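The values are calculated or read from the model by the stated rules, or taken from the named source; none is laboratory data. Keep in mind the model is a prediction, meaning the values are calculated, not measured. We place every Cβ from the backbone using ideal geometry, glycine too, and count neighbours over all the protein chains shown. Ligands, DNA and RNA are stripped out before the accessible areas are found, and what is left, the full protein with its side chains, is counted by its heavy atoms. Shrake-Rupley method; radii C 1.70, N 1.55, O 1.52, S 1.80 Å.
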Amino acid sequence: MGEFDLVIRNARCATAAEVFEADIGIRDGRIAALAKGLPAGREEIDAAGRWVLPGGVDGHCHLDQPMSDGSAMADDFLSGTRSAACGGTTTVLPFACQFKGQSLRDAVEDYHRRAGDKATIDYAFHLIVSDPTPDVLERELPELIREGYTSFKIYMTYDDLKLDDRQIIDVLAVAREEGAMVMVHAENTDCIAWLTERLLKAGKTAPRYHADARPMLVEREATHRAISFAELVDVPILIVHVSGREAIEQIQWAQNNGLRIYGETCPQYLFLTADDLGLEDDEHRHGAKCICSPPPRDKANQQVVWDGLESGVFQVFSSDHAPFKFGGPTGKLAAGPDASFDQIPNGIPGLETRLPLLFSHGVLAGRIDINQFVALTSTNVAKMYGLYPRKGSIGIGADADLVIWDTGLHRHIRNDDLHHEVDYTPYEGIPVSAWPAVTLSRGRVVWRDGRYVGEAGHGQFLRCELPTPARPKVRGARS
Ligand code: DUC
Ligand code: ZN
Ligand code: ZN
């Protein structure tokens, strides 16, 4: 059998489908054996009494993404992947973003340069398609999809990124032809522009008005439209960062009618509300820390999002980590100390806190079971983007991306304990009862007993595979 590099003893393993007890034998970065009573390894970790789960796969995060408004992301591939590893995530999928006028290939090459040899865990790229010229549609996009960039995001809002309806239909047609997965940011851009103009004219500039400029209606309408286009073209899509009831109802309707519409939600829609955007007289603009789009809603919507995680409307739970410092010249107030809500970069950090929050308030609070947790945070994500079973599983031959969990903790999230480069967390003070004790990336310990012990350059770029012949079923999808 050969000696193991590492044996994790007495692991209580959970996958998306089952729970079992085993020793895990790891050799050359992969799981080589799963059985009780394995022979000694060169190193050993005793996991008795603790959950051992597949490492998290964060299918939606932004790292070192170039911005066009004077702001800059605080996390690059080093600090972002370090922070992810300390929170139990072992694979990230950030975005190679095309600017209008830029070739897609150029955007991908630039993004590889940014990644360099900084990553401490493995990573793949989604594309962002913002300029679907005939050359992009007919040549570049199909070529890149075949080269392992098998998913791309499109925006229905943001002036520098948005596509119009015809462009959306055109890119969906390419996705259908090539088997790619399309992630849709669904908000109606003209409604937002009209509401923003009215708010600003009335002098309503504080961060809290961000929520009034992007009410649920604008998300519901765009979600409905995106679903209609997917039905027209007959292609699956994923509606990303779903914030509440009205968008969920659209997705549920589609799923109940046999359409392959998938749903993603994020911690901000479970733990934040519009009240976190501050008050009307937020002189120092602290509410900017929670500005993200779609905005957080209210307690009732939080409950509907929890219900959607439990019932299977959502297949994936991602961070949408979009890291801007609050202070400093490129942070949330890059446009000035009195920046109006529409000048504040959208996005909040969350790579490191995603899994502990859902484990604590989902699994340990009895809202979802351990298999649902693994499915939502790891297995379904790996399946959706063509990384399964190398990622998202505990099986022979899979990468030894594993997390041993401590539970029964009594601690609170504090930014001082996190490993990103952002100067705040929107989740400050929230209690958590679970946190990774050990994170392994391809058999290498990167986080152990409260210490980051990873190494820049250990992380490898992953080419994603296309579904063959059909995209694998993800747990909870109704079609
Ligand atoms: N909204 C996005 O669409 N992307 C990044 C972060 C955000 O809030
Ligand atoms: Zn988005
Ligand atoms: Zn995003």
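Remarks
- Amide H to amide H distances under 5 Å link R297 with A274, where only residues 5 or more positions off or on other chains count and H is placed in the peptide plane.
- Amide H within-cut-off set for S433, under 5 Å, with H built and near neighbours excluded: S360
- Alpha carbon centroid spacing (whole Å) that separates region 328-372 from region 227-271: 21
- Ranked packing of 237-250, 401-414, most packed first, by mean Cβ within 10 Å: 237-250, 401-414
- Around the Cα centre of the chain, unit charges on the Cβ atoms of Lys, Arg, Asp and Glu (plus for the first two, minus for the last two) sum to a dipole of about 1060 debye.
- Between the amide H of Q65 and those of M73, distances stay under 5 Å, these residues lying 5 or more places away or on another chain, with hydrogens modeled in the peptide plane.
- If R0 is taken as 35 Å, the Cβ-Cβ distance between E109 and Y452 corresponds to a FRET efficiency of 0.75.
- What the phi angles of region 197-205 give under the Karplus curve with 6.51, -1.76 and 1.60, with θ = phi - 60°, is a coupling list of 4, 5, 5, 5, 4, 7, x, 8, 10 Hz, glycine and proline written as x.
- Under the Karplus curve 6.51 cos²θ - 1.76 cosθ + 1.60, θ = phi - 60°, whole-Hz ³J(HN,Hα) for region 359-376, x wherever Gly or Pro sits: 4, 5, 8, x, 6, 6, 8, x, 7, 10, 8, 5, 5, 5, 4, 5, 4, 5
- Environment charge of R113, counting only residues whose C-beta is closer than 12 Å and scoring Lys/Arg +1, Asp/Glu -1: -4
- Cβ-Cβ distance of A202 and S311, R₀ of 45 Å, FRET efficiency by 1/(1 + (r/R0)^6): the value works out to about 0.65.
- For the chain, the gyration tensor built on C-alpha atoms gives a prolate shape. Its axis ratio a/c (a ≥ b ≥ c) is at least 1.5, and a/b is the larger of a/b and b/c.
- Accessible heavy-atom area order of R285, R176, R105, highest first, probe of 1.4 Å: R176, R105, R285
- Estimated distance in nm for a label pair at E43 and L232, the labels positioned 7 Å out from Cα along Cα-to-Cβ: 5.4
- Put a plus charge on the Cβ of each Lys and Arg, a minus charge on the Cβ of each Asp and Glu, and nothing anywhere else: the dipole of region 182-340 about its Cα centre is then about 260 debye.
- Here R411 and E138 are evaluated by their C-beta separation; at R0 = 56 Å the FRET efficiency comes out at 0.55.
- Across region 59-65, coupling constants 3J(HN,Hα) worked out from phi with the 6.51/-1.76/1.60 Karplus curve, θ = phi - 60°, read x, 7, 8, 10, 10, 6, 8 Hz, and Gly and Pro carry x.
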